[in-house]
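The values are calculated or read from the model by the stated rules, or taken from the named source; none is laboratory data. This one's a predicted model, so the numbers in the text were calculated from it and none came from an experiment. We place every Cβ from the backbone using ideal geometry, glycine too, and count neighbours over all the protein chains shown. Each accessible area value is taken on the protein alone, full model and side chains, heavy atoms only, with ligands, DNA and RNA left out. Shrake-Rupley method; radii C 1.70, N 1.55, O 1.52, S 1.80 Å.
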Amino acid sequence: MVESNLLHAPVLDWYEDNARDLPWRAANATPWGVLVSEIMLQQTPVVRVLPIWHEWLTRWPTPDVLAAEQPGEAVRAWGKLGYPRRALRLHACARVITDEHDGEVPSDHATLLSLPGIGEYTAAAVASFAYGGRHAVLDTNVRRVFARAVRAEEYPPTATSAAERRLAEALLPELGAARWGVAVMELGALVCTARSPRCADCPIAQVCAWRLAGKPPHEGPARKGQTYAGTDRQCRGRLLDVLRSAHGPVPKAALDAVWDDATQRERALDGLITDGLAEHLDDGTYRLPHDG
């Protein structure tokens, strides 16, 4: 295994010179701003998140302000970020934080894990990036850097493994673990990318096990890009667009008009209702989720 001291200084020095200026990394970023960013950034590029994050933090600068809103407003403000159930999870988090934690995002990793929809990665990221906690933060970018630099594998396993967690813990520096976590994440996002890694620009290329092994190709199943056109996900998005743009309930005909395949449309609409992203009212109309 590559010695951790051969990785820490080069990666941290590289980050010092190359880190993107992102608002949730600023010295004045709040734990709430960090939590919002982490939920938004899941499976979504930074360039799409930035404007929506700014809009959210302007409208809902603290959890209690969002908690006072209807859940449908969170879905409406989510815009085109995709996977809109994340908006409902953030709204639910805001209410629990307001009701059970005096409006303050918890700093404790275990408490963060108890919040609605918060998993291992997000809890570690918030505890680390918002509060400076010493936690292994394993997102896709970090896992790919470690797979290549230490394990000589082009890609990490599909699901995070116990071996990856042990490796990440072993590589954590005693001091500055939070900065190490974000630095490795940035390296994976900008240099050690999935499809076209820029090894010539990598600060740890000289000790990277994958490069030194001749960059052996991935031995598992081929990694396929996600399709979107014509899928239920696209259909759901079209239906949600109608509900978001309306100022009140909409008739079924308005939803029928945006997707020709009736079977797929009904399946997608049923899914939105099941997921809590839409409501079917007694008069036959539909709306975004609303309390009471």
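For this structure, a couple of remarks:
- Relative to the 2.2 N^0.38 Å rule of thumb, region 83-147 has a C-alpha radius of gyration ratio of 1.18.
- When a 1.4 Å probe is rolled over the protein heavy atoms, the share of accessible surface on the chain that falls to carbon and sulfur comes to 52 percent.
- Per residue, the accessible area of the chain comes to 50 Å² when a 1.4 Å probe rolls over the protein heavy atoms.
- Note on region 133-201: Rg/Rh from C-alpha atoms, Kirkwood Rh, equals 0.95.
- Sum of side-chain charges, W14 neighbourhood, beta-carbon under 13 Å (Lys, Arg +1; Asp, Glu -1): -2
- Each principal axis of the Cα cloud of region 19-120 was evaluated for its coordinate range; sorted largest first, these ranges are 33, 30, 25 Å.
- The length gained by stretching the chain between E100 and A213 to full extension, at 0.36 nm per residue less their Cα-Cα distance, is 35.5 nm.
- Ellipticity at 222 nm from helices only: DSSP H runs of n ≥ 4 in the chain, each -39500 (n - 2.57), divided by the residue count, give -15500 deg cm²/dmol.
- Length gained when the stretch L6-R166 is fully extended (0.36 nm per residue, less Cα-Cα span): 55.8 nm
- Across all C-alpha atoms in the chain, the radius of gyration and Dmax reach 21.3, 67 Å.
- Net length available on complete extension from T285 to A254 is 10.2 nm, with 0.36 nm assigned per residue and the Cα-Cα distance removed.
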